[in-house]
Amino acid sequence: MVLLLAIHGDWQEKARREVIDIFGNQIPNSEEISKLKIMTMIIYETLRLYGPSNGMMRRTESDVQLGKLILPANLDLLVIHAAPHHDPQLWGDDVHLFKPERFAEGIAKATNYNAGVFCPFGLGPRNCVGMNFATTETKIVLSMILQRYTISLSPTYVHSPIPYITVQPQHGIQVMLESVYNDA
Ligand code: HEM
(Lines give C-alpha, C1' and ligand atoms only; values in the text may rest on other atoms or scores of the structure.)
Protein backbone atom coordinates (compact mmCIF):
# COMPACT_ATOMS: atom_id res chain seq x y z
CA MET A 1 0.00 0.00 0.00
CA VAL A 2 2.85 2.36 0.82
CA LEU A 3 4.25 1.75 -2.67
CA LEU A 4 0.94 2.32 -4.42
CA LEU A 5 0.22 5.47 -2.41
CA ALA A 6 3.73 6.76 -3.16
CA ILE A 7 3.01 6.31 -6.87
CA HIS A 8 -0.59 7.54 -6.76
CA GLY A 9 -0.32 10.82 -4.88
CA ASP A 10 -3.99 11.65 -5.55
CA TRP A 11 -5.14 8.58 -3.62
CA GLN A 12 -2.58 9.25 -0.90
CA GLU A 13 -4.06 12.72 -0.47
CA LYS A 14 -7.64 11.38 -0.46
CA ALA A 15 -6.69 8.81 2.18
CA ARG A 16 -4.91 11.43 4.31
CA ARG A 17 -7.88 13.79 4.13
CA GLU A 18 -10.20 10.99 5.26
CA VAL A 19 -7.90 10.06 8.14
CA ILE A 20 -7.62 13.68 9.32
CA ASP A 21 -11.42 14.17 8.94
CA ILE A 22 -12.10 11.14 11.13
CA PHE A 23 -9.25 11.08 13.66
CA GLY A 24 -7.64 14.53 13.39
CA ASN A 25 -4.19 14.07 14.87
CA GLN A 26 -5.40 11.56 17.46
CA ILE A 27 -4.43 7.88 17.59
CA PRO A 28 -7.05 5.87 15.60
CA ASN A 29 -9.73 4.40 17.86
CA SER A 30 -11.72 1.21 17.40
CA GLU A 31 -15.16 2.91 17.18
CA GLU A 32 -14.26 5.13 14.26
CA ILE A 33 -12.03 2.80 12.29
CA SER A 34 -15.05 1.41 10.43
CA LYS A 35 -15.62 4.87 8.94
CA LEU A 36 -12.46 4.61 6.79
CA LYS A 37 -14.14 4.09 3.42
CA ILE A 38 -11.44 5.40 1.07
CA MET A 39 -8.78 3.44 2.93
CA THR A 40 -10.85 0.26 2.71
CA MET A 41 -11.11 0.72 -1.08
CA ILE A 42 -7.33 1.22 -1.27
CA ILE A 43 -6.70 -1.91 0.84
CA TYR A 44 -8.95 -4.05 -1.40
CA GLU A 45 -7.36 -2.74 -4.60
CA THR A 46 -3.87 -3.34 -3.18
CA LEU A 47 -4.83 -6.89 -2.21
CA ARG A 48 -6.23 -7.44 -5.70
CA LEU A 49 -3.04 -6.27 -7.43
CA TYR A 50 -0.38 -7.47 -4.97
CA GLY A 51 -2.05 -9.57 -2.26
CA PRO A 52 0.66 -11.29 -0.20
CA SER A 53 -0.83 -14.77 -0.60
CA ASN A 54 0.08 -16.60 -3.81
CA GLY A 55 -2.87 -18.95 -3.64
CA MET A 56 -4.80 -21.50 -1.66
CA MET A 57 -4.29 -25.25 -1.37
CA ARG A 58 -7.22 -27.54 -2.02
CA ARG A 59 -7.72 -31.30 -2.57
CA THR A 60 -10.58 -32.90 -4.47
CA GLU A 61 -12.50 -35.42 -2.34
CA SER A 62 -14.20 -36.98 -5.36
CA ASP A 63 -14.18 -36.59 -9.15
CA VAL A 64 -15.30 -33.10 -9.94
CA GLN A 65 -16.00 -31.07 -13.08
CA LEU A 66 -14.41 -27.64 -13.09
CA GLY A 67 -15.46 -25.74 -16.21
CA LYS A 68 -14.21 -27.89 -19.10
CA LEU A 69 -11.88 -29.91 -16.85
CA ILE A 70 -12.62 -33.21 -15.12
CA LEU A 71 -10.53 -33.41 -11.97
CA PRO A 72 -10.01 -36.87 -10.42
CA ALA A 73 -10.40 -37.47 -6.69
CA ASN A 74 -7.44 -36.83 -4.34
CA LEU A 75 -5.85 -34.25 -6.61
CA ASP A 76 -3.82 -31.51 -4.88
CA LEU A 77 -4.53 -28.07 -6.32
CA LEU A 78 -2.94 -24.69 -5.84
CA VAL A 79 -5.51 -22.07 -6.78
CA ILE A 80 -3.42 -19.04 -7.79
CA HIS A 81 -5.01 -15.76 -6.66
CA ALA A 82 -3.46 -13.78 -9.50
CA ALA A 83 -5.62 -15.74 -12.00
CA PRO A 84 -8.99 -14.29 -10.94
CA HIS A 85 -7.50 -11.05 -9.57
CA HIS A 86 -5.75 -10.16 -12.84
CA ASP A 87 -8.28 -11.47 -15.35
CA PRO A 88 -9.37 -8.72 -17.79
CA GLN A 89 -12.61 -10.62 -18.51
CA LEU A 90 -13.60 -10.18 -14.87
CA TRP A 91 -12.23 -6.70 -14.13
CA GLY A 92 -11.98 -5.02 -17.53
CA ASP A 93 -9.11 -3.95 -19.78
CA ASP A 94 -7.76 -1.69 -17.02
CA VAL A 95 -7.23 -4.78 -14.81
CA HIS A 96 -3.53 -3.98 -14.23
CA LEU A 97 -4.18 -0.42 -13.16
CA PHE A 98 -4.54 0.72 -9.55
CA LYS A 99 -8.14 1.93 -9.39
CA PRO A 100 -9.56 1.79 -5.87
CA GLU A 101 -12.81 3.25 -7.18
CA ARG A 102 -13.68 -0.29 -8.35
CA PHE A 103 -14.54 -0.98 -4.71
CA ALA A 104 -16.50 2.24 -4.06
CA GLU A 105 -19.69 0.25 -3.55
CA GLY A 106 -18.14 -2.76 -1.82
CA ILE A 107 -16.74 -6.12 -2.86
CA ALA A 108 -20.05 -7.63 -4.02
CA LYS A 109 -20.65 -4.84 -6.56
CA ALA A 110 -16.99 -4.78 -7.68
CA THR A 111 -17.08 -8.52 -8.40
CA ASN A 112 -20.51 -8.48 -9.96
CA TYR A 113 -21.78 -10.64 -7.08
CA ASN A 114 -19.27 -13.42 -7.84
CA ALA A 115 -17.55 -14.10 -4.51
CA GLY A 116 -14.75 -16.30 -5.91
CA VAL A 117 -13.38 -13.50 -8.08
CA PHE A 118 -11.82 -11.64 -5.14
CA CYS A 119 -10.26 -13.95 -2.56
CA PRO A 120 -7.05 -12.46 -1.07
CA PHE A 121 -7.85 -14.15 2.27
CA GLY A 122 -9.02 -17.42 0.72
CA LEU A 123 -12.53 -18.77 0.59
CA GLY A 124 -14.87 -21.03 2.52
CA PRO A 125 -14.64 -22.55 6.00
CA ARG A 126 -10.81 -22.55 6.02
CA ASN A 127 -10.35 -18.94 4.98
CA CYS A 128 -7.90 -16.71 6.82
CA VAL A 129 -8.57 -16.40 10.54
CA GLY A 130 -6.36 -13.30 10.66
CA MET A 131 -8.37 -11.34 8.08
CA ASN A 132 -10.00 -8.83 10.42
CA PHE A 133 -6.85 -8.49 12.51
CA ALA A 134 -4.66 -7.85 9.44
CA THR A 135 -7.13 -5.36 7.94
CA THR A 136 -7.58 -3.42 11.19
CA GLU A 137 -3.84 -3.37 11.83
CA THR A 138 -3.24 -2.03 8.31
CA LYS A 139 -5.81 0.74 8.86
CA ILE A 140 -4.26 1.80 12.17
CA VAL A 141 -0.65 1.78 10.94
CA LEU A 142 -1.39 3.49 7.65
CA SER A 143 -3.55 6.14 9.36
CA MET A 144 -0.70 6.92 11.75
CA ILE A 145 1.80 7.18 8.87
CA LEU A 146 -0.50 9.43 6.80
CA GLN A 147 -1.14 11.70 9.80
CA ARG A 148 2.60 12.36 10.01
CA TYR A 149 4.26 11.89 6.62
CA THR A 150 3.86 12.34 2.90
CA ILE A 151 5.25 9.38 0.98
CA SER A 152 7.04 9.58 -2.36
CA LEU A 153 8.83 6.95 -4.39
CA SER A 154 12.62 6.86 -4.43
CA PRO A 155 14.21 6.95 -7.91
CA THR A 156 16.17 3.83 -6.88
CA TYR A 157 12.98 1.71 -6.72
CA VAL A 158 12.82 -1.14 -9.27
CA HIS A 159 9.44 -2.80 -9.74
CA SER A 160 9.77 -6.57 -9.47
CA PRO A 161 7.12 -8.37 -7.42
CA ILE A 162 8.00 -12.07 -7.14
CA PRO A 163 6.04 -15.03 -5.76
CA TYR A 164 8.36 -16.38 -3.07
CA ILE A 165 6.22 -18.11 -0.43
CA THR A 166 4.34 -14.80 -0.33
CA VAL A 167 4.36 -12.12 -3.03
CA GLN A 168 7.38 -9.95 -2.26
CA PRO A 169 9.17 -6.94 -3.76
CA GLN A 170 12.38 -8.54 -5.06
CA HIS A 171 14.53 -5.46 -4.44
CA GLY A 172 12.58 -3.98 -1.53
CA ILE A 173 10.51 -0.81 -1.59
CA GLN A 174 12.43 2.43 -1.24
CA VAL A 175 10.27 5.42 -0.39
CA MET A 176 10.95 8.86 1.02
CA LEU A 177 8.96 10.18 3.98
CA GLU A 178 8.59 13.88 4.61
CA SER A 179 6.94 15.31 7.68
CA VAL A 180 3.55 16.88 6.89
CA TYR A 181 4.46 19.62 9.41
CA ASN A 182 7.55 20.73 7.45
CA ASP A 183 6.09 23.93 6.07
CA ALA A 184 4.16 24.78 9.24
C1 HEM B 1 -2.82 -9.31 4.57
C2 HEM B 1 -2.57 -10.31 5.42
C3 HEM B 1 -3.02 -11.74 5.19
C4 HEM B 1 -3.41 -12.37 4.04
C5 HEM B 1 -3.52 -11.79 2.62
C6 HEM B 1 -3.73 -13.75 4.40
C7 HEM B 1 -4.17 -14.71 3.51
C8 HEM B 1 -4.49 -16.01 3.85
C9 HEM B 1 -4.93 -17.02 2.92
C10 HEM B 1 -5.13 -16.84 1.40
C11 HEM B 1 -5.16 -18.15 3.61
C12 HEM B 1 -5.66 -19.51 3.03
C13 HEM B 1 -7.18 -19.51 3.09
C14 HEM B 1 -7.84 -20.61 2.29
O15 HEM B 1 -7.21 -21.64 2.02
O16 HEM B 1 -9.04 -20.45 1.93
C17 HEM B 1 -4.86 -17.88 5.00
C18 HEM B 1 -4.99 -18.79 6.03
C19 HEM B 1 -4.69 -18.52 7.33
N20 HEM B 1 -4.28 -17.31 7.86
FE21 HEM B 1 -3.97 -15.58 6.82
N22 HEM B 1 -3.53 -13.91 5.76
C23 HEM B 1 -3.10 -12.71 6.28
C24 HEM B 1 -2.82 -12.44 7.60
C25 HEM B 1 -2.97 -13.33 8.62
C26 HEM B 1 -2.73 -13.03 10.02
C27 HEM B 1 -2.30 -11.64 10.55
C28 HEM B 1 -2.96 -14.16 10.72
C29 HEM B 1 -2.88 -14.43 12.19
C30 HEM B 1 -3.08 -13.50 13.11
C31 HEM B 1 -3.35 -15.20 9.77
C32 HEM B 1 -3.66 -16.48 10.09
C33 HEM B 1 -4.08 -17.46 9.20
C34 HEM B 1 -4.38 -18.85 9.57
C35 HEM B 1 -4.28 -19.47 10.98
C36 HEM B 1 -4.78 -19.50 8.40
C37 HEM B 1 -5.21 -20.98 8.25
C38 HEM B 1 -6.71 -21.08 8.44
C39 HEM B 1 -7.22 -22.51 8.31
O40 HEM B 1 -6.56 -23.33 7.66
O41 HEM B 1 -8.31 -22.80 8.84
N42 HEM B 1 -3.35 -14.65 8.51
N43 HEM B 1 -4.45 -16.57 5.13
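The values are calculated or read from the model by the stated rules, or taken from the named source; none is laboratory data. What you see is a predicted model; the values in this text were computed from it and never measured. All Cβ positions, glycine included, derive from the backbone under ideal geometry; neighbour counts span all protein chains shown. Accessible surface areas use protein heavy atoms only, side chains included; no ligands, DNA or RNA. Shrake-Rupley method; radii C 1.70, N 1.55, O 1.52, S 1.80 Å.
Of all the numbered requirements in (1) in a strand (DSSP E or B); (2) open to solvent by 60 Å² or more (accessible area, probe 1.4 Å), K109 misses one, and that requirement is (1).
I need the full set of residues from the stretch 153-163 which are open to solvent by 50 Å² or more (accessible area, probe 1.4 Å) and either more than 16 Å from L49 (Cα to Cα) or of a type in the set (A, V, I, L, M) (or both), in order please.
Matches in the stretch 153-163: L153, P155, T156, V158, I162.
Among the residues of the stretch 89-99, is any within 16 Å of the ligand (Cβ to nearest atom) and open to solvent by 40 Å² or more (accessible area, probe 1.4 Å)? The answer is no; no qualifying residue exists.
Residues that are over 19 Å from the mean Cα position of the chain (by Cα) and either within 16 Å of the ligand (Cβ to nearest atom) or assigned to a loop (DSSP other than H, G, I, E, B) (or both) within the stretch 150-173 comprise S154, P155, T156, Y157, V158, H171, listed in sequence order.
Among the residues of the stretch 12-21, those that are surrounded by fewer than 19 Cβ atoms within 10 Å (Cβ to Cβ) and in contact (Cβ under 8 Å) with a residue 24 or more places away in the chain comprise K14, I20. When the residues of the stretch 113-149 are filtered to those that are in a loop (DSSP other than H, G, I, E, B) and open to solvent by 30 Å² or more (accessible area, probe 1.4 Å), the one that is farthest from the ligand (Cβ to nearest atom) is Y113.
Being open to solvent by 90 Å² or more (accessible area, probe 1.4 Å), in contact (Cβ under 8 Å) with a residue 12 or more places away in the chain and away from the ligand (no atom under 16 Å from the Cβ), is that true of even one residue in the stretch 31-51?
yes
Here I7 meets the list (1) within 26 Å of P125 (Cβ to Cβ); (2) open to solvent by 20 Å² or more (accessible area, probe 1.4 Å); (3) in contact with a strand residue (DSSP E or B) (Cβ under 9 Å, 6 or more places away or on another chain) almost entirely, failing just condition (1).
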